[in-house]
Amino acid sequence: MHQTHNMSYAEYGSNIDYMMNVEKKRQKEFEQSQKIIASLDRQLHK
């Protein structure tokens with residue numbers, strides 16, 4: 001947690017703003033990875 005988001009788990013758990021920012025970032029990264037996987041999958045099945 002600290003290395004990725006520059007905060008401890010205690011900070012994450014105690015501040016809703018930190019929590020929301022981390023979860024938004026995680027969701028954005030997940031969606032980007034899904035787009036990359038879909039793109040690679042399309043290229044493999046041409």
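Does any residue of the stretch 1-12 turn out to be among the small types (Gly, Ala, Ser), surrounded by 10 or more Cβ atoms within 10 Å (Cβ to Cβ) and assigned to a helix (DSSP H, G or I)?
Scanning the stretch 1-12, I find no residue that is among the small types (Gly, Ala, Ser), surrounded by 10 or more Cβ atoms within 10 Å (Cβ to Cβ) and assigned to a helix (DSSP H, G or I), so the answer is no.
Within the stretch 20-46, residues that are among the hydrophobic types (A, V, I, L, M, F, W, C) have Cβ atoms under 6 Å from residues that are surrounded by 10 or more Cβ atoms within 10 Å (Cβ to Cβ) in these pairs: VAL22/HIS5, counting only partners at least 6 apart in sequence or on another chain.
Total residues in the stretch 13-24 satisfying the condition of being part of a helix (DSSP H, G or I) and among the polar types (S, T, N, Q): the figure is 2. Just to be sure before I move on: is GLN27 in a helix (DSSP H, G or I) and modelled with pLDDT of 90 or more in the structure I sent? Criteria met by GLN27.
The values are calculated or read from the model by the stated rules, or taken from the named source; none is laboratory data. Fair warning: this is a prediction, and the values are worked out from it, not measured in the lab. Reconstructed Cβ throughout: ideal geometry from the backbone, glycine too, with neighbour counts over all protein chains shown.
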